[in-house]
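Working notes, structure below.
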Amino acid sequence: MALGVIFSSFFKALGQLGDPRFRNVLFLGLGLTIGLLIAAYFGLLAVLNTLGLYDLAAAQMGEGGWGAWIINATSFFAIILLSVFLMVPVASAFTSLFLDRIASAVEDRHFAYLPPADPVPFSEAMKDTVNFLGVLIGANILALLIYLALPPFAPLIFWGLNGFLLGREYFFIAAMRRIGRDGAKELRREHFATIWLAGTLMAIPLSVPLVNLLIPILGAATFTHLFHTLEERS
């Protein structure tokens, strides 16, 4: 039953990608995400230059530029691979910046009978996001020890951990707009397993480079549908 609700919510979200408000947020989110990856790429190059790797490559391979080209290309592919991990905090930041816009677009199409939602003050949303980001980073740093101890299970642990955290955050913010903090926490406790499963199914494609660029917007829409479905059933 939980899978049916989750997939129904996801396909409804997928069907609304053509909505102009979805496209605006999608392009804005893609721009910010790609900008972050570009900044991370040039930051990595600056660190390698500071460490003297370019000078070492020139000394070993001559001044023809091949050494620098290899370093630049390797760094590019390293950032693409690192996007698997970078997209998790990006997805968490997405909730405070864009979830309200996506949720409003979803509700206008699928829940037009509802009154306008109470907007979450930006300062309050940012405070929640910063706190959540700290928890997210801390939990993933601690999880590195488990990854090293149990390498074959590292992907499952990564997806389960981040699915749990992202699911809680996305659902809470979607619900808080309608039923307040206390109501959102209560509903989240009631449907703990479904929300964790939905978050895990979101975390898995976040591990796929390039595909992961689309996931935050689809996640925001999916959890909006999921909240309304679970709230009606409760």
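Summary of computed values
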{"quantity": "Charge dipole (debye, nearest 20) of the chain; +1 at Cβ of Lys and Arg, -1 at Cβ of Asp and Glu", "calculated": "340 debye"}
{"quantity": "Cβ-defined net charge surrounding P20, 12 Å radius [Lys, Arg +1; Asp, Glu -1]", "calculated": "+2"}
{"quantity": "The chain: calculated mean residue ellipticity at 222 nm from DSSP helix runs of at least 4, using -39500 (n - 2.57)", "calculated": "-30000 deg cm²/dmol"}
{"quantity": "Overall form of region 102-162 per C-alpha gyration tensor (a/c, 1.5; a/b vs b/c)", "calculated": "oblate"}
{"quantity": "Percent accessible area from carbon and sulfur atoms, the chain, protein chains only, probe 1.4 Å", "calculated": "72 percent"}
{"quantity": "Average accessible surface area per residue within the chain, 1.4 Å rolling probe, Å²", "calculated": "52 Å²"}
{"quantity": "Percent RCO, i.e. relative contact order, over the chain, from Cα pairs under 8 Å lying at least 6 residues apart", "calculated": "31 percent"}
{"quantity": "Selected from F171, F158, F77 as most flexible by GNM, with the chain as the system and alpha-carbon contacts under 10 Å", "calculated": "F77"}
{"quantity": "Kyte-Doolittle at least 0.0, axis length at least 15 Å by Cα - qualifying DSSP helices, the chain", "calculated": "2-14, 20-50, 66-110, 122-149, 192-206, 215-233"}
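The values are calculated or read from the model by the stated rules, or taken from the named source; none is laboratory data. Please read all numbers here as calculations on a predicted model, not as lab measurements. FYI the Cβ positions are ideal-geometry reconstructions off the backbone, even for glycines, and counts take in every protein chain you see. Heavy atoms of the whole protein, side chains included, go into the accessibility calculation; ligands, DNA and RNA do not. Shrake-Rupley method; radii C 1.70, N 1.55, O 1.52, S 1.80 Å.
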